[in-house]
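Engineer: Below: one structure in structure tokens.
Quick note: the coordinates plus some simple rules give every number you see, no bench work behind them. From a predicted model like this one, the values you see are computed outputs, not experimental measurements. Every residue, glycine as well, gets a Cβ built from its backbone with ideal geometry; the counts of neighbours run over all protein chains shown.
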Amino acid sequence: MAAPSLRTFAIRARHTTRAPRPRTHKTFTHNSHNSHSYRSSGSSSNSLHRKQARALPLPTIFIAVAILGSATYLLTPSSKSSSTLNETTFVPYTITARDSVSPSSVLLTISPRQHGSSPPCYLLSQSTAWKYPLWSVEFKQPEVQIARHYTPLPPQDGEDPRDGKLRFYVRAVDGGEMSNYLHRLGVGRDVYLRGPHRGFDVLSRLGACGNVVFLAGGTGVVPGMQVARAVLERDDSSRVKLLWAVRKREEAQGAGIPQPWWKKKLWATQAPAVLTEVDADLGNPSAVARELMRLKAKYGERLHIRLAVDEERTRFTRQDVQSALGGRQGEQSPALGGKGCPFHDQLLHTRASEFEGPRAQCQCQCDGSDRRPGKNLLMVSGPDGFVAHYAGEKIWLGGTLTQGPIDGVAGQLQRRHPSLANDWLVLKL
């Protein structure tokens, strides 16, 4: 199966939100015991007619309540009493830096308008370490009243995360209300955030296993950075392979520099070029590529980063994914997670949301050893079409965007090598 072109996808804000926050709706019931009989004449009949005239049809009430609930959620103002990020109200932040990545994408640095006396809620207490290995925040678009999830980049070495500063990779796409809104904003403008919203507990799912393959499309590379940093900081035996697919070379190299016409002509006629290795030798890196190069310099051979560029006809094939997973077909992981565990059973993930609840925990049976149950992770993050191609579509169930069954390239590999389903857990972002 050939990998589809990224130009057919809308790069989602995170990305783009994966699933809206649940809204609470009132439930109206009809109680037959409260029904009354009225005579056809007299004051009782007149009273009934007046009540019926004032009554609203039940569907209208449902619609009104739904609209009111949605409006209340999105119109929630920033909290005057809270100056720190929280999950209840939108808090004002100010854009303090804006670095161009390409003509259509930027890195935004934002800082809280007021600095609280306590460290941000996404940090461990008395520490500069992040509390969650994978998390996002909501941005609010006040003009059309929508909210979208975006994932912050990991802090750079030497930065103090306690100041509340966050950085985001934003790419404007056609029809993207939020991405275009954020892309237009300059330094000094205010934005409103709510969160943090924790994602999959990656480290608990990994357990005693130590391998992560992360397929990222466009801005989906940012959660890949979060995961790589968390996994590689955990211990020296972990390994991460990050495969990043972009539509144009300028997202990774040579921002704003037009390519010669003859080079574009060659790209259109020659055989597909080889994938690009992202390391210290990458020339003229973009702002996002520099972030990846910093991670590569820090973790060395334990982090392998490859780049595919759609306009150059380089894509990650099934063979590329299989090679990234390594020659582990039939080779058992050191401590496999068991069936029935919400952290390690692939079937249970079919109906799971990528936004992890605070009470979720591993339910694997311990074997008496000190090995932590776990599985290696194949993670896919990006536009809907990108995720569907490599891991299958996510499914809406009861107002929640769920993981859905495994299909696409990952499904093909599992069918060819059944042991992969035992050793590797597939997660869609």
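Engineer: Can you give the extra length, in nm with one decimal, that the chain gains between ARG234 and ARG189 once fully stretched, where that is 0.36 nm per residue apart less the Cα-Cα distance? Don't jump to the answer; show the numbers that get you there.
Structural biologist: Working: separation 45, 0.36 × 45 = 16.20 nm, distance 3.71 nm.
Answer, rounded to one decimal: 12.5 nm.
Engineer: Using a basic spin-label model with each label point 7 Å from the Cα along Cα→Cβ, how many nm lie between THR88 and CYS121?
Structural biologist: Result for the modelled spin labels: 0.8 nm.
Engineer: In whole Hz and in residue order, list the ³J(HN,Hα) couplings for the range 418-428 that follow from phi through the Karplus curve 6.51 cos²θ - 1.76 cosθ + 1.60, θ = phi - 60°; x for Gly and Pro.
Structural biologist: x, 5, 4, 5, 7, 8, 10, 9, 9, 10, 10
Engineer: Along the range 132-137, what does the Karplus equation 6.51 cos²θ - 1.76 cosθ + 1.60 (θ = phi - 60°) give for ³J(HN,Hα), rounded to whole Hz, x for Gly and Pro?
Structural biologist: Residue by residue, the range 132-137 yields 10, x, 9, 7, 8, 10 Hz.
Engineer: How much FRET efficiency would the formula 1/(1 + (r/R0)^6) give for LEU348 and GLN319, where r is the Cβ-Cβ distance and R0 is 22 Å, rounded to 0.05? Please list the in-between numbers first.
Structural biologist: Values: r = 30 Å, r/R0 = 1.36.
Calculated transfer efficiency: 0.15.
Engineer: Compute and list, largest first, the equivalent-ellipsoid semi-axes of the range 377-418 from the alpha carbon gyration tensor, each √(5λ) rounded to a whole angstrom. Walk me through the intermediate numbers first.
Structural biologist: Working: eigenvalues 77, 27, 13 Å².
Three semi-axes, in Å: 20, 12, 8.
Engineer: Any number yet on Rg/Rh for the range 289-429, C-alpha, Kirkwood?
Structural biologist: On the way: Rg = 16.5 Å, Rh = 16.8 Å.
My calculation puts Rg/Rh at 0.98.
Engineer: Could you order peptides 186-194, 419-427 by the average number of other Cβ atoms within 10 Å of their residues, highest first?
Structural biologist: Working: 186-194: 15.6, 419-427: 20.3.
Going by the mean number of other Cβ atoms within 10 Å, highest first, we get 419-427, 186-194.
Engineer: Once you put a point 7 Å from the Cα of ASP279 and another 7 Å from the Cα of ASN422, both along the Cβ direction, what distance in nm separates them?
Structural biologist: Result for the modelled spin labels: 3.5 nm.
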